Amino acid sequence: MDSVGEILGSLAVELKRGTLVLTVLSQLITKEYGYSLVQKLEEKKVPIEAGTLYPLLRRLEKQGLLQSEWDTGESRPRKFYVLSEKGKDVYIQLKDEWRTISKQMEILLREEEKNEPD
Amino acid sequence: MNLIERYIDTVKKYLPEEIREDVGLELNANIMDMLPENYTEDDVFQVLTELGSPKNLADEYNTKKKYLIGPAYYDKYISLLKSVIAICAAVALGITLIEWILKAPADWYEAGVVANLIAELISSAFVGAMQGAFWVTIVFIILERTGVEIGFTPFKNKVWTPDDLPAISDDKNKISRGETIFSMVMTIVFTALLYFRPEVIAMYVKGDNGIPTVTTLLNIERLQIYIPAIIIVALIQLGIFIWKFIAEHRNLLMAITEAAYNIAFIVLMVVMLADQGLINNEFITTLASIMKTTVDTASTWVETGKKVFGAFVVIVCVWDIAETLIRTLKSPKGSGNMK
């Protein structure tokens with residue numbers, strides 16, 4: 001049997017995984033390259049591991065939600081990603097989904113707290 | 001080669017050809033970004049540790065299926081694998097045993113005879129089991145890769161309706177497992193005989209010294225021409241059995257596939273029977289000498305035997321086609337499952 005800590009850990013990872021795409025989409029209104037996005041998310045206290053983020057960017061591009069271009073102007077070439085039109089559309093709707101879910105969840109949790117005071 | 005190159009090369013190795021170059025370049029840029037200026041070996045070590053195992057990273061890029069047999073078929077695969085391994089091992093054992101009995105070693109008590117027999121039994125059962133496992137796996141891999149619709153599709157995109165529920169168990173449309181397994185055993189026996197031990201199908205004449213002379217019915221060399229066709233036909237048959245096993249109920253597509261298979265089988269049989277060279281000439285001469293008749297008479301006997309056998313095969317196959325089609329068409333659900 002797994003300990004409470006282990007179970008909690010894996011549940012938290014799962015919970016966070018569901019928010020990954022929304023997190024990334026929200027940060028790509030303006031173009032970013034892989035590592036700049038890692039840093040940006042770290043600053044905002046929503047860190048995503050580099051090994052998870054880089055492949056995710058590529059998958060989102062393949063789905064048509066992101067556009068990419070190689071910028072060879074700088075000292076070293078970098079691949080920049082930004083929301084496509086389809087990506088913007090998806091982002092707006094996904095944001096609404098998230099707000100609905102979080103509102104309903106908040107209501108659920110508050111209700112429970114009211115009924116059973118510690 | 002430095003660490004970074006080795007890392008990127010390893011990741012690339014696990015990626016599909018078409019994205020290798022681009023992912024490699026991007027990954028290189030990302031790694032460079034993660035490193036401070038004038039970085040040291042230690043910095044590289046740390047960044048690569050952060051990125052994690054190259055295999056895992058490549059897996060993240062690669063969202064395609066990474067399994068041979070996925071969850072949709074897994075349970076059925078395991079249950080069928082067990083049955084087929086058991087059947088194949090038993091058939092191989094049986095054939096080896098029969099071969100030994102027919103050959104009748106002069107002295108069973110002679111040292112080593114029984115030990116040899118046991119060794120051969122064990123090895124033939126093992127080889128049989130491996131063959132069975134191999135072919136069943138191949139069929140399932142094909143099912144998995146092609147996504148063939150075989151009536152068991154909890155993970156497919158098709159929208160499920162209550163109409164898809166299997167009918168109650170007394171349904172005439174239900175395929176009997178026993179029947180399927182029985183036909184499977186027959187197919188395996190015949191294929192194994194023709195493929196591995198065609199020399200067992202023979203005339204055994206006990207000589208004066210107690211050691212039988214063996215005259216095979218078939219010209220083994222000639223038979224080799226037909227082996228690929230025999231294997232293909234047996235594989236199609238095995239595929240149909242697996243389909244029946246999984247689908248559990250008849251449907252029109254299955255009935256049509258079976259009919260097509262039966263026709264292919266008849267064609268193969270007729271071609272083989274019509275081939276004069278396939279019968280071992282020695283068999284005819286031996287037959288003539290035993291029955292104390294002329295070679296010509298013996299040869300007509302063999303011809304008649306071939307015709308009777310051919311007619312038997314055709315009748316059985318046609319019967320099978322008709323029976324399956326009628327059973328399928330009669331049932332209310334039969335035509336409904338056809339796409």
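Within chain A, the percentage of alpha carbon pairs spaced more than 24 angstrom apart rounds to 41%.
I need the per residue convex hull volume for region B:3-61, using only the alpha carbons, in cubic angstrom as a whole number. Before the final figure, lay out the partial values.
Values: hull volume 4.0 nm³, N = 59.
Given the Cα convex hull of region B:3-61, per-residue volume reads 69 Å³.
Residues of region B:1-28 that bury at least 40 Å² of accessible area once all protein chains are present, compared with their chain alone (1.4 Å probe, heavy atoms only, ligands and nucleic acids left out), are B:22, B:26. As a test of the formula, what do you get for the protein assembly as shown when each DSSP H run with n ≥ 4 contributes -39,500 (n - 2.57) and the sum is divided by the residue count, at 222 nm and rounded to the nearest 500 deg cm²/dmol? Taking each H run of at least 4 residues, the total per residue is -23000 deg cm²/dmol. Restricted to Cα atoms, region B:2-136 shows a radius of gyration and a Dmax of 27.8, 86 angstrom. As a ratio to 2.2 N^0.38 Å, the alpha-carbon radius of gyration for region B:230-293 is 1.73. Projection of the Cα convex hull of the protein assembly as shown, averaged over all directions and equal to a quarter of that hull's surface, yields 38.2 nm².
Of A:62/B:55; B:174/B:330; B:76/B:174; A:31/A:95; A:88/B:12; A:88/B:13, which pairs sit farther than 24 Å apart, going by alpha carbon to alpha carbon? Intermediate results must be reported in sequence, preceding the final value.
On the way: A:62/B:55 21 Å; B:174/B:330 13 Å; B:76/B:174 17 Å; A:31/A:95 19 Å; A:88/B:12 31 Å; A:88/B:13 34 Å.
Beyond 24 Å: A:88/B:12; A:88/B:13.
Sparsely packed loop sites in region A:20-100 (the GluC sites (Glu not before Pro) outside DSSP H, G, I, E and B with at most 10 other Cβ atoms within 10 Å) comprise A:74. Each Cα pair under 8 Å and six or more residues apart adds its separation to the average, and for chain A the resulting relative contact order is 23 percent. Pairwise Cα separations in region B:34-90 fall into 10 Å bins from 0 onward with the following percentages, short to long: 18, 23, 19, 16, 12, 9, 3. Loop-resident GluC sites (Glu not before Pro) (DSSP state other than H, G, I, E or B) in region B:67-128 with no more than 11 further Cβ atoms inside 10 Å of their Cβ: B:110. Summarising the label geometry, the points placed 7 Å from Cα in the beta-carbon direction at residue A:42 and residue B:302 lie 8.4 nm from one another.
Counting only aspartates and glutamates at least 8 places from residue A:45 when in the same chain, there are none with an alpha carbon closer than 13 Å to its own. Ranking A:55, B:288, B:217 by how far each Cα lies toward the positive end of the dipole of the protein assembly as shown (charges on Cβ) leaves B:288 at the top.
In region A:48-64, the residues whose accessible area drops by at least 40 square angstrom when the other protein chains are added to the isolated chain are A:51, A:54, A:55, A:58, A:59; the probe is 1.4 Å and only protein heavy atoms count. Principal-axis analysis of the Cα atoms of chain A puts helix A:34-43 at an angle of about 40° to the longest axis. Site-free segments of chain A were taken between trypsin sites (Lys or Arg not before Pro) in DSSP loops having at most 12 other Cβ atoms within 10 Å, sites themselves excluded; the longest one is A:46-118. Computed in the context of the full set of protein chains, the accessible area of region A:9-118 at 1.4 Å probe radius has 52% of its extent on carbon or sulfur.
Just to be sure I understand: if you take the accessible area of chain A alone plus chain B alone and subtract the pair, with a 1.4 Å probe, what total do you get in Å², rounded to 100?
Details: alone 9030 and 20570 Å², together 28010 Å².
It comes to approximately 1600 Å² buried between A and B.
The values are calculated or read from the model by the stated rules, or taken from the named source; none is laboratory data. Bear in mind that the values here come from a model prediction, so they are computed numbers and not experimental data. Every residue, glycine among them, receives a Cβ derived from its backbone with ideal geometry; neighbour counts consider all protein chains shown. Protein only, heavy atoms only, side chains kept; ligands, DNA and RNA dropped before computing areas. Shrake-Rupley method; radii C 1.70, N 1.55, O 1.52, S 1.80 Å.
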